[in-house]
Amino acid sequence: MPGELFTGQSPHLTKAYSPMVVRFFMLQSHYSSTLDLTDDALQAAEKGYRRLMEGQKALQTMAHPGGGSAGALDKEVNAAIDQAFADMSDDFNSPKALASLFELVTKVNSLKGGQLSFSDLTSETLERLKKTFNDFIFTIFGLQEENFDSSGDGVVDGLMQLILDMRQTARTNKDWGTSDKIRDVLKELDIVVKDGKDGATWAKG
């Protein structure tokens, strides 16, 4: 029953799942196929949903510095966008469309982290990418943003920022022992720390 998914009151579930996670889980299978509804599959869907929404959030805050050219990255991004639309035109193949979006999330994260350069991407393609994500996530897939920690996300964000600041201070002082300990403890709590040019960010694993 749907109510059991949202409350977690089922012997087959280890926790409750939000409506958006359940919707994302359903999007991972073609509408005409049989769903294999398991706790492990829902946990994987929850991680996938979070990764997609975090990629969307990072993308929408990006501003192109200018001067980009239509290099290899530009072509790859446009090809993935075209493929996502082609997949949806092919009998609403949401699993394949999601795969294209996750391919783009990887590129977004690499742009954010500095592994890829905006010089290999035009500002027009970046704007097309932003619009595509908005259109697919909110209009086509009908997903919505959710607070990943309903126990007080503002407090959690503040505490995490303090921890990351302490870790950065340790790194600046070449106190690698303290820096590594903070990272390892966070990892045990299923929190992944990512270091980028603009500082460290965190996300649930």
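The values are calculated or read from the model by the stated rules, or taken from the named source; none is laboratory data. These numbers were taken from a predicted model, which means no experiment stands behind them. Ideal geometry is used to build each Cβ from the backbone, glycine not excepted, and the neighbour counts take in all protein chains shown.
With respect to Gly71, is the statement that it is loosely packed, with under 13 Cβ neighbours inside 10 Å, modelled with pLDDT under 95 and touching a helix residue (DSSP H, G or I) at 6+ places or on another chain (Cβ under 7 Å) true?
Values: loosely packed, with under 13 Cβ neighbours inside 10 Å: no; modelled with pLDDT under 95: yes; touching a helix residue (DSSP H, G or I) at 6+ places or on another chain (Cβ under 7 Å): yes.
No: the conditions fail for Gly71.
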Taking the stated definitions as given, is Leu111 assigned to a helix (DSSP H, G or I), assigned by TED's automatic domain parsing to the domain that holds Pro65 and farther than 15 Å from Met53 by Cα?
yes
Residue list for the range 63-75, filter: of a type outside the set (Gly, Ala, Ser) and under 15 Å from Gln115 (Cα atoms)
Leu73, Asp74
Could you list, in sequence order, all residues of the range 91-101 that are surrounded by 15 or more Cβ atoms within 10 Å (Cβ to Cβ) and touching a Leu at 6+ places or on another chain (Cβ under 9 Å)?
Ser94, Ala97, Leu98, Leu101
Only one of Asp190, Asp195 is under 17 Å from the mean Cα position of the chain (by Cα), exposed (fewer than 12 other Cβ atoms within 10 Å of the Cβ), modelled with pLDDT under 85 and within 30 Å of Ala99 (Cβ to Cβ), namely Asp190
Would it be correct to say that Arg50 is part of a helix (DSSP H, G or I), closer than 24 Å to Gly8 by Cα and in contact with a Lys or Arg (Cβ under 7 Å, 6 or more places away or on another chain)?
yes
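Can you confirm whether Met53 is assigned by TED's automatic domain parsing to the domain that holds Leu111 and within 19 Å of the chain's Cα centre (by Cα)? Walk me through it before giving the result.
On the way: assigned by TED's automatic domain parsing to the domain that holds Leu111: yes; within 19 Å of the chain's Cα centre (by Cα): yes.
For Met53, the condition - assigned by TED's automatic domain parsing to the domain that holds Leu111 and within 19 Å of the chain's Cα centre (by Cα) - is met.
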